[in-house]
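This report refers to the structure that appears directly beneath it.
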Amino acid sequence: MRRAFLGKIREMIPAEPDTVFFTVDIGMWAIREVLRDYPERCTNVGIYEDGMFSIAAGMAKRGLVPTVFGIQPYLIERTLEQIKMDLAYQKLGINVVGTGAAVDYPKYGYSHYCAEDVQIIKSIPGCEFIAPGTAKQFLQLFEQTYRNGHPTFFRISDHPNVKYDEDVTFGKANVLQKGQKATIIAVSVMLDAVMDVCKGKDVTVLHYTTLEPFDRETLAQNCPSGKVLIVEPEYEGSLLFDVHKALAGRAIRVEHVAFPREIFRNYGTYNEKMEHYGLTPDKIHEVLERLCAE
């Protein structure tokens, strides 16, 4: 996804004079020619995320279309006041592309983890949150939204889906299959694991790549059992409010396969962390079987 995004920047800056791009000491080599040839619109500001947001907000106020790039915890948590006051309060169209979501950077430890990003951004009215499952889906969603005038946050991953790469539309969930016993919400890069378990079973599978605004209508129309399993590569419960709102007035049962709400103090590779915290097909199968049997 990162290569696809930086490739888009290489195309966009020369072709669209009203676009600007800022980064914080990441991805410079891949776009070195653009940085060299368009220094007035394409700049590495250094390790200065909060300042970068305010600079981008000023550019947006002038009618330009800014895109900023960095590591997710620093883009979301270090800059929270700027997101609230410079982006959301001012209603400015800025695209924020973050890499290193959740535990994508396992060797750097807790400072580089960000499983809380979804719930933080969803708590700020007016912000959008997009979590594509593949590079193709990132490009589709970016093209659909980067000029829409809203603060839009993109969570890109180094661990995309490989088997499933369907076309996606901003603000809409995809219905991968329909069944009666339960509805599984597969978020972003968790679709491959979900389909490994659910393909051919009597369950509904919905794939969500837009997390804010959340497509409540599709969930409401595709949950005949009232049983929901949310498989999300972020803190458990990040989408729970939307699920309850979508199914308001109905008796429902919700289970999660997600990161627990705790500080991650252990070490290991990405795959070892996913195994440790249970974001695996085996765990999905276990929880789904229990949910369907109840």
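The values are calculated or read from the model by the stated rules, or taken from the named source; none is laboratory data. Since this is a predicted model, take the numbers as computed values, not measurements. Virtual Cβ from ideal backbone geometry, glycine too; neighbours counted across all protein chains shown.
Counting only residues that are of a type outside the set (D, E, K, R) and assigned to a strand (DSSP E or B), how many does segment 212-250 have?
Total meeting the criteria: 6.
Could you check how many residues of segment 100-120 are surrounded by fewer than 24 Cβ atoms within 10 Å (Cβ to Cβ) and either polar (S, T, N, Q) or not in a loop (DSSP other than H, G, I, E, B) (or both)?
Result for segment 100-120: 8.
Just checking, does segment 101-109 include any residue being within 16 Å of the chain's Cα centre (by Cα) and of a type outside the set (A, V, I, L, M, F, W, C)?
From segment 101-109, those within 16 Å of the chain's Cα centre (by Cα) are 101-105; that's our starting set.
Okay, now just the ones that are also of a type outside the set (A, V, I, L, M, F, W, C), so 104-105.
Yes, segment 101-109 contains at least one residue that is within 16 Å of the chain's Cα centre (by Cα) and of a type outside the set (A, V, I, L, M, F, W, C).
Condition test on K163, is it in contact with a helix residue (DSSP H, G or I) (Cβ under 6 Å, 6 or more places away or on another chain), surrounded by fewer than 23 Cβ atoms within 10 Å (Cβ to Cβ) and without any contact (Cβ under 8 Å) to a residue 60 or more places away in the chain?
Numbers: in contact with a helix residue (DSSP H, G or I) (Cβ under 6 Å, 6 or more places away or on another chain): yes; surrounded by fewer than 23 Cβ atoms within 10 Å (Cβ to Cβ): yes; without any contact (Cβ under 8 Å) to a residue 60 or more places away in the chain: yes.
Spelling it out, K163 is indeed in contact with a helix residue (DSSP H, G or I) (Cβ under 6 Å, 6 or more places away or on another chain), surrounded by fewer than 23 Cβ atoms within 10 Å (Cβ to Cβ) and without any contact (Cβ under 8 Å) to a residue 60 or more places away in the chain.
When residues of segment 53-64 are filtered for being buried (at least 19 other Cβ atoms within 10 Å of the Cβ) and out of contact with any Pro (no Cβ under 9 Å at 6 or more places or on another chain), how many remain?
Of the residues in segment 53-64, 1 are buried (at least 19 other Cβ atoms within 10 Å of the Cβ) and out of contact with any Pro (no Cβ under 9 Å at 6 or more places or on another chain).
Could you tell me which numbered condition T183 fails, if it satisfies all but one of (1) farther than 20 Å from M274 by Cβ; (2) outside the structural domain of V254 (by TED's automatic domain parsing)?
(2)
For segment 274-283, check the following and say yes or no: at least one residue is assigned to a helix (DSSP H, G or I), more than 24 Å from K199 (Cβ to Cβ) and outside the structural domain of E128 (by TED's automatic domain parsing).
Yes, the conditions are met somewhere in segment 274-283.
Being assigned to a loop (DSSP other than H, G, I, E, B) and touching a helix residue (DSSP H, G or I) at 6+ places or on another chain (Cβ under 6 Å) narrows it down to one residue among K172, K201, K181; which is it?
K181
Go through segment 27-55 residue by residue and tally those that are within 23 Å of the chain's Cα centre (by Cα), outside any loop (DSSP other than H, G, I, E, B), farther than 18 Å from V65 by Cβ and not small (G, A, S).
The total comes to 2.
How many residues are of a type outside the set (S, T, Y) and in a helix (DSSP H, G or I) if we restrict to segment 139-167?
6
Does F21 satisfy the condition of being under 23 Å from the mean Cα position of the chain (by Cα), assigned to a strand (DSSP E or B) and farther than 14 Å from L92 by Cα?
The answer is yes for F21.
In segment 148-160, how many residues are touching a Ser or Thr at 6+ places or on another chain (Cβ under 9 Å) and loosely packed, with under 15 Cβ neighbours inside 10 Å? Working first, answer last.
Looking only at segment 148-160, we keep the residues that are touching a Ser or Thr at 6+ places or on another chain (Cβ under 9 Å), and these are 152, 154-158, 160.
Now drop any that are not loosely packed, with under 15 Cβ neighbours inside 10 Å, which leaves 158.
Qualifying residue count for the region: 1.
Taking segment 184-232, which residues are acidic (D, E) and surrounded by fewer than 17 Cβ atoms within 10 Å (Cβ to Cβ)?
Those that are acidic (D, E) and surrounded by fewer than 17 Cβ atoms within 10 Å (Cβ to Cβ): D196, D202, E217.
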